[in-house]
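Just so it is clear, none of the values below were taken in a lab; they were calculated from the coordinates. Keep in mind that this is a model prediction, so the values were computed, not measured. Every residue, glycine among them, receives a Cβ derived from its backbone with ideal geometry; neighbour counts consider all protein chains shown.
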Amino acid sequence: MNEQHADLDGQKRALRKRMLTVRRALSADERAAYSSTITERLLSHQALTRAKTIFAYAAMEDEVQTDMLLSRLIDMGKRVAIPWITGKRMMEAAFVPSMDALAYGAYHILTVREGRREILPPEELDCVIVPGVAFGMDGTRLGMGGGYYDTFLPRATQAIRIAAAFQCQITADIPKLPYDYGVNWIVTEQGVFKANSN
């Protein structure tokens, strides 16, 4: 890592810590209410209504909650997948045939049960719902630092990328490295925003 990358990496760590504090300051009631509004906005977004295959995520406690989103997408007849971590910086799209195929895994996050796991090719995904710690209005994303989405998203060559975020997670001047992968749209409890440069 060169000096410039090291400096940007340090800036990202500091911003990540600050933005996680902001996100975690939301009350459980606020998270629930905002997540419900965000879910409705996502479900009416043309990228989801047109999509056949959608990659979403199973939320951590302080993220935009996705249980209802996953359930509704399955009920709509969409082919839905969520992350399955396979190694360092590596994940695959695990098909979710029904909500009862899910069980709690690492970090108390839902994952597809081992006996029911089927992997979908990333290039078959029409839409990816992307979590994150912070987003810029230009589509820049700051993740948790594991690199899973930066590695996975370039493989989802046909997918429209939509951030699911609380409005408090939107911030300016997110440091960006060459391998950072952004989003096309940002959906919060306050609105739906087209990323300026995506």
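Per DSSP helix of 4 or more residues, -39500 (n - 2.57); summed, then divided by the residues of the chain. What does that give at 222 nm, rounded to the nearest 500?
-9000 deg cm²/dmol
Between Tyr149, Tyr181, Tyr104, find the one with the highest GNM mean-square fluctuation for the chain; connect C-alpha pairs within less than 10 Å.
The residue that fluctuates most here is Tyr104.
Normalised by the number of residues in the chain, what is the relative contact order in percent for Cα pairs under 8 Å and 6+ residues apart?
Relative contact order comes out at 22 percent.
Would you work out the charge dipole size for the chain about its Cα centre, treating the Cβ of every Lys and Arg as +1 and the Cβ of every Asp and Glu as -1, and quote it to the nearest 20 debye?
The dipole magnitude comes to about 120 debye.
At a 10 angstrom cut-off on C-beta neighbours, averaged per residue, how do the peptides 127-134, 90-97 rank from highest to lowest?
The densest-packed peptide leads the list: 127-134, 90-97.
Give the long-range amide H neighbours of Ala134: residues separated by 5 or more places, or on another chain, with amide H under 5 Å away, using H modelled in the peptide plane at 1.01 Å from N.
Sorted by chain and number, the residues that satisfy this are Leu142.
Just grab the label-to-label distance for Gln46 and Glu124, each label 7 Å out from Cα along the Cβ direction, in nm (one decimal).
Modelled inter-label distance: 2.7 nm.
Please list the helices of the chain that count as membrane-span-like by this rule: a mean Kyte-Doolittle hydropathy of at least -0.5 together with Cα atoms stretching 18 Å or more along the helix axis, each helix being a complete DSSP H run.
Within the chain the helices that satisfy the rule are 28-43.
By its C-alpha gyration tensor, with a ≥ b ≥ c as the square roots of the eigenvalues, how is segment 5-57 shaped: rounded for a/c under 1.5, else prolate for a/b larger than b/c, else oblate?
Verdict is oblate for segment 5-57.
Report the extension gain between Asp150 and Met68 in nm, rounded to one decimal, defined as 0.36 nm multiplied by the number of residues separating them, less their alpha carbon distance.
26.9 nm
Where Lys and Arg each count +1 and Asp and Glu each count -1, what net charge lies around Ser35 among other residues with Cβ under 15 Å from its Cβ?
-3
If you take the charge dipole of segment 80-198 about its Cα centre, with +1 on Lys and Arg Cβ and -1 on Asp and Glu Cβ, which of Gly146, Pro122, Ala164 is farthest toward its positive end?
Gly146
Return the FRET efficiency for the residue pair Lys17, Arg117: r is the Cβ-Cβ distance, R0 is 41 Å, and the value is rounded to the nearest 0.05.
0.75
Largest first and in whole Å, give the semi-axes of segment 3-194's equivalent ellipsoid, each being the square root of 5 times a Cα gyration tensor eigenvalue.
25, 19, 17
Give the long-range amide H neighbours of Gln65: residues separated by 5 or more places, or on another chain, with amide H under 5 Å away, using H modelled in the peptide plane at 1.01 Å from N.
Amide H neighbours of Gln65: Ser35.
Mean-square fluctuation check for the chain, GNM, Cα pairs under 10 Å: which of Gln169, Gln46, Gln158 is largest?
Between Gln169, Gln46, Gln158, it is Gln46 that shows the largest mean-square fluctuation.
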